[in-house]
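For reference, the structure discussed in these notes is given below.
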Amino acid sequence: MDIAGFGIEKLITFVLVLTRTAAIFSVAPIFGSGQVPLQAKVVVSVGISLVFVSLSHPVLSVVDALTMVF
């Protein structure tokens with residue numbers, strides 16, 4: 001399955017990277033405070049995740065990723 005040139009392996013990689021970066025930005029000293037709006041945290045997390053995914057190579061196949069989840 002190919003979603004606009006974004007294969008399922010890249011999609012799984014993106015979700016995993018986004019989860020990790022969002023978690024980091026939710027507890028980071030500057031971004032974790034209540035003074036930074038949630039929209040800013042989301043935009044920065046998604047942007048950094050897109051950069052990291054574009055630099056990474058998919059190492060998991062769909063079967064491997066599903067067996068990790070279940």
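Numbers below:
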read-out	value
Segments 11-21, 30-40 sorted - mean Cβ within 10 Å per residue, highest first	11-21, 30-40
Point-to-point label distance, Val15-Val44, nm (Cα→Cβ direction, 7 Å offset)	2.6 nm
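No value in this document is a laboratory result; all are computed from the given coordinates. Worth saying up front: this structure is predicted, and the values here are computed from it rather than measured. All Cβ positions, glycine included, derive from the backbone under ideal geometry; neighbour counts span all protein chains shown.
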